[in-house]
Amino acid sequence: MPPEKKTPINKNPVTRKPAARKPVSRKTATGRKKKGGISVQLKLVIAGLLLILLSPFYYGYVLKSFVATWRWVKDWGQDPNYRTYESFNIKIPKKYTVHGIDVSYYQGKINWQKVKEMKEDEVSIRFAFIKATEGLMMVDPYFQRNWREAPKAGIICGAYHFFRPKKDGKTQAKFFLQVVNIEKEDLPPVVDIESLDGVSALKMRAELADFLNYVEMKTKVRPIIYTGLKFYEDYLVDHFEDYPLWIAHYYQPKLRMDKSRWKFWQHSDKAKINGIGHVVDFNAFNGDSLALDRLLVR
């Protein structure tokens, strides 16, 4: 039999309403955060850093710190009381506060104002000994200029005579005083004795005594004796005890002599000084500024 035909059931489909959309909330431009934007505070910090980095004061501070650090590294292991001063190109004992130089024709024409203005840390040139005469006839060709110009720059000055033991001591003293006029506020006159010149130590001391006695009699000022440490130990120790000493002893952190015996120490002959075209002897005074003032001619 043919299959019975089923009447299709007419199912009414359920009509569904479309889901209501939520309205899209659009933020206004003022309410958004811009990606990659820089805050005002950060901008101020960056501007401040730029001002510091571009400032000459900043670079001055960096340079100063670098120099100080380099000096500390360079001086590592060295005697802290005998360090190198780059400007002067020598080592200088640190326990002394008054420094000076001595000059002659060898240094040529000197710009004394530049000498006076030179300074590194607390080291500057306060005094100068200037060669005036030698023996019986030699006058230093730069003496008069140095003697005139150095005090104008504010440097305390003293004059010295290079002594020749073969020549008469009293006559050398007269020659020295004919050239040098010792005035108030000068350092005491100096006699420079460095060799025997072929005479005996006894003869040298006799002529030297004549020189010292005559200068002191005429100026009413006790002269200073300059000599090297070795020469002093060989020929002058236990003699001329009442005279102040100026001793040459180079490249050492300390002068090997009783500190009560000497006034000036020539500790280097290689100093580089502004305003001078050749190397210069460098000296330390055994005392402070007040002691140096008391030593001056009155």
Quickly run through segment 101-156 and pick out the residues that are open to solvent by 50 Å² or more (accessible area, probe 1.4 Å), under 17 Å from Lys184 (Cα atoms) and in contact with a His (Cβ under 9 Å, 6 or more places away or on another chain). Arg126
What's the number of the condition Lys95 fails, among (1) open to solvent by 20 Å² or more (accessible area, probe 1.4 Å); (2) modelled with pLDDT of 95 or more? (2)
Quick check on this structure: which one of Arg222, Arg261, Arg298 is in contact with a helix residue (DSSP H, G or I) (Cβ under 6 Å, 6 or more places away or on another chain) and open to solvent by 40 Å² or more (accessible area, probe 1.4 Å)? Arg222
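Of the residues Val199, Val237, which is open to solvent by 10 Å² or more (accessible area, probe 1.4 Å), in contact (Cβ under 8 Å) with a residue 12 or more places away in the chain, among the aliphatic types (A, V, I, L, M) and farther than 21 Å from Thr97 by Cβ? It would help to see each step written out before you state the result.
Numbers: Val237 fails: in contact (Cβ under 8 Å) with a residue 12 or more places away in the chain.
After applying the criteria, what remains is Val199.
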If we scan segment 163-182, do we find a residue that is over 30 Å from Leu290 (Cβ atoms), touching a strand residue (DSSP E or B) at 6+ places or on another chain (Cβ under 6 Å) and in a loop (DSSP other than H, G, I, E, B)? yes
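Does Glu86 satisfy being farther than 24 Å from Leu295 by Cα, in contact with a Phe, Trp or Tyr (Cβ under 6 Å, 6 or more places away or on another chain) and exposed (fewer than 14 other Cβ atoms within 10 Å of the Cβ)? Full working, then the answer.
Numbers: farther than 24 Å from Leu295 by Cα: yes; in contact with a Phe, Trp or Tyr (Cβ under 6 Å, 6 or more places away or on another chain): no; exposed (fewer than 14 other Cβ atoms within 10 Å of the Cβ): yes.
In short, no.
The values are calculated or read from the model by the stated rules, or taken from the named source; none is laboratory data. The model shown is predicted, which means the values in this text are computed figures rather than measured ones. Here Cβ is always computed from backbone atoms with ideal geometry, including for glycine, and neighbour counts include all displayed protein chains. Note: accessible area is taken over every heavy atom of the protein model, side chains too, but ligands, DNA and RNA are not part of it. Shrake-Rupley method; radii C 1.70, N 1.55, O 1.52, S 1.80 Å.
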